[in-house]
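Heads up: the structure comes next, in structure tokens.
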Amino acid sequence: MKEIRKNIAQMPGYVPGEQPQSGRFIKLNTNECPYLPSEKIAAACLETIRKGLNRYPDPMANSFRKAAAEVLDVPPEFIMAGNGSDDILTILTRTFVGENETLRLPYPSYVLYKSLAQIQGARSEEIPFTDDWHLSPAFKTPSSDLKLVYLPNPNSPSGTRLSRAEILELADALPCPLVVDEAYADFSDENCVSLVLEHKNIIVTRTFSKSYGLAGLRFGFVIAHPDYIQQFVKVKDSYNCDALSIAAATAAISDRQWFNETVEKIIKTRNWMRPALAELGFNTVESHANFIWCTRKDWDLKNIYQKLKEQNIFVRFMVYDKWKDGGCGLRISVGTDEEIRILLERIKAILN
Ligand SMILES: Cc1ncc(COP(=O)(O)O)c(C=O)c1O
């Protein structure tokens, strides 16, 4: 199809995780929250419907910016909302990275960054993590065509995280903005939000898909210096968030009790889930996210994934073929205690 731009025709395209839509299943493959979101959301959405959806929404989602600013202790001008954090990542890539320029990402990490570079006709530079999931010196090396660096922290698929001190050191070394993708930071003991106020080249992204139980809503946001926010506004769709999602996200971020209790439950489950998986023979690393990365050489992991799927249990089988040991692993989201107990029983039966 010669009418298609060459870089689009040649790119494989990002493949999202499986999203079964009917039947009963245990879903541990895309790091959603296993609990229903805050009950305050329904009332906020109904009120928005009652007011009428005949008018366009607030293009800047100011009610959300104000609520998020209070929770995160940053001025509202530092915040811009998006249709999921993937929308935000698209906006950032389009703003900073042009054709034949370079975008850097660690490997293995979130595969979408590479697809975003390919859409731009840009180069992506995948720099492997060290064996213990830290940054190699190459990740910090400046280069003239480097325009943007992505760093998921905590990282996916490993769940590991770098300290704020390591991130500051990286930001100081880089000649371009550093995007710290904090999709999973609510499950971690550290985050980089306050660093944005001190360092113009640190940009933080967040999502409502994981810790707020709102993957179905599509809502995320970016925290960045207002000079950058003004540029992102030019790139985003005028109305990239609809009135219902703005109302729901505003209600969700304001319900601190729901949030704190939910995150605490997930961390509690994560804390017993990891040793239980290790007892079944998986190699795991300490996770600061809502999933555990499991590897092992003595079993075909794809086979375990398939056998679980036949029993309506979905985990994510991932292949990073440039990573050590062929790079296969199972990324298993933290579910409810009951879901994880069933998962472990079924894995045990498969292994026996
Ligand atoms: C590291 C990372 N960033 C961003 C996202 C996307 O989140 P959203 O659902 O807000 O688009 C994901 C989703 O899995 C992720 O793992």
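Derivation of every value follows stated rules applied to the coordinates shown; laboratory data play no part. Remember, it's a predicted structure, so these values are computed and weren't measured experimentally. Cβ coordinates were reconstructed from backbone atoms using ideal geometry, including for glycine residues, and neighbour counts include every protein chain displayed.
What the table shows:
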| read-out | value |
| --- | --- |
| Dipole-positive endmost among 214, 193, 177 within the range 173-218 (Cβ charges, Cα centre) | 214 |
| Relative contact order (percent, whole number), the chain, Cα cutoff 8 Å, 6+ residue spacing | 24 percent |
| Spread of Cα-to-Cα distances over 10 Å intervals beginning at zero, given as percent, for the chain | 5, 24, 33, 26, 11, 1 |
| Local net charge near residue 166, Cβ-Cβ under 13 Å (Lys/Arg +1, Asp/Glu -1) | -1 |
| For the chain, calculated [θ]222 nm from helices alone, where every DSSP H run of n ≥ 4 adds -39500 (n - 2.57) | -12000 deg cm²/dmol |
| Amide hydrogen neighbours beyond the local backbone of residue 107, cut-off 5 Å, H modeled | 127, 129 |
| Positive-pole candidate from 124, 49, 204, dipole of the range 40-255, charges at beta carbon | 49 |
| Kirkwood estimate for the range 266-308, i.e. one over the average of 1/r between Cα atoms, Å | 11.1 Å |
| Test item: Cα-centred dipole of the range 74-129, Lys/Arg +1 and Asp/Glu -1 on Cβ, debye | 100 debye |
| Size of electric dipole in the chain: Cβ of Lys, Arg +1 and of Asp, Glu -1, about Cα centre, debye, nearest 20 | 880 debye |
| Mean Kyte hydropathy of -1.0 or more with a Cα span along the axis of at least 18 Å, helices from DSSP in the chain | 256-279, 337-351 |
| Unit charges at the beta carbon, dipole of the range 257-338: most positive-side option, 326, 262, 282 | 326 |
